[in-house]
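Worksheet: the structure to be examined is printed underneath.
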């Protein structure tokens, strides 16, 4: 970012004045509903990054309009008392099995680090496409009949609001620390698996401050409690966890804390990660994403392949959500995806990258779905592998016509 005008880049990442005038409320953002025939590419909501005061009612609006396959839920409460909102998208089969089968669920989360706005907008883009394509797109319809998606735009709502109101490049949450003037804990360093906060707990001003003890980051603790409760009490089986970050265009698999330990089923993780990267690359003007273990994604590597040397760490890497979900919650297909770009704009990615980034990650998620259904990859090659039995689609009888009508009226 050496040649980037920082002030100008920050200014341009906020919605334009002409865009903000389209919202109805005088001093706040809220959804605006009017007739439209625009496609999602031209949808007003994705022309700009959106503040939480827009995202939250937008999510509620989607859940009220598409009741057959969308529910708005909360996965926790932030330190400052805000909901951590999410959309659960999926179509549950009706059957008489007792007990009912465990529902396979995929989590896609963004916004652990407040300044990484592209991760939040990408989760929203995925949500919009999955929700509005049900009953119209065969692949997505089949996917939502076999899996639930829990889509969490921002795991760090307090920090996200702070980036809009005070400091665009703020990273952590907003809870106090032992130093009066240094707020915030890095939510992706506070999970208890291989927590290494002792290495930087004396510096609460650090952007990677992990807290004085594991799970001190309030939002991470409550998100983890929600996830454990889902598996233990709500008949949910998490089969994949996708944690979106920026920037550097990487697909990272466990472990993050160390390159000396290989995760179980390493080859399976690598194969799927390579497939995700390929799906992105061959998508609509998709960019190249590198695949590596997360421990390498958190260090600087020498440019020479011949003399490949690991240089000092850019940031600490213990206590990550990636490792916790993989190791503690046993979510086999856990990945951290670092989105666009590779450093020209960094955290200040221009808003004209919102839709292209969303498109390439949507293609990756669809690839993940085909993989999980056993249609591609080693699961498809296994001698006895068979895709799960599909339930009969209810899309035409329950929401096919109705959803088509309401989608045409929704423009934000």
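How high is the relative contact order of the range 118-252? Use alpha-carbon pairs under 8 Å, at least six apart in sequence, and give a whole percent. Let's see the in-between values first.
Numbers: 148 pairs, mean separation 22.9, N = 135.
Reported relative contact order: 17 percent.
Based on the mean of other Cβ atoms within 10 Å per residue, sort peptides 102-114, 149-161 so the most packed one is first.
Values: 102-114: 24.1, 149-161: 27.4.
Going from most to least packed, we get 149-161, 102-114.
Pairwise Cα distances in the range 146-294 exceed 18 Å for 68 percent of all pairs. Working from the Cα coordinates of the range 131-214, the gyration tensor eigenvalues give, after taking √(5λ), semi-axes of 37, 17, 8 Å in decreasing order.
The convex hull defined by the C-alpha atoms of the range 205-260 has an orientation-averaged projected area of 6.0 nm².
Readers should treat all values here as calculations from the given coordinates under stated rules, not as data from a laboratory. Fair warning: this is a prediction, and the values are worked out from it, not measured in the lab. Positions of Cβ are backbone-derived with ideal geometry, glycine not excepted, and every protein chain shown enters the neighbour counts.
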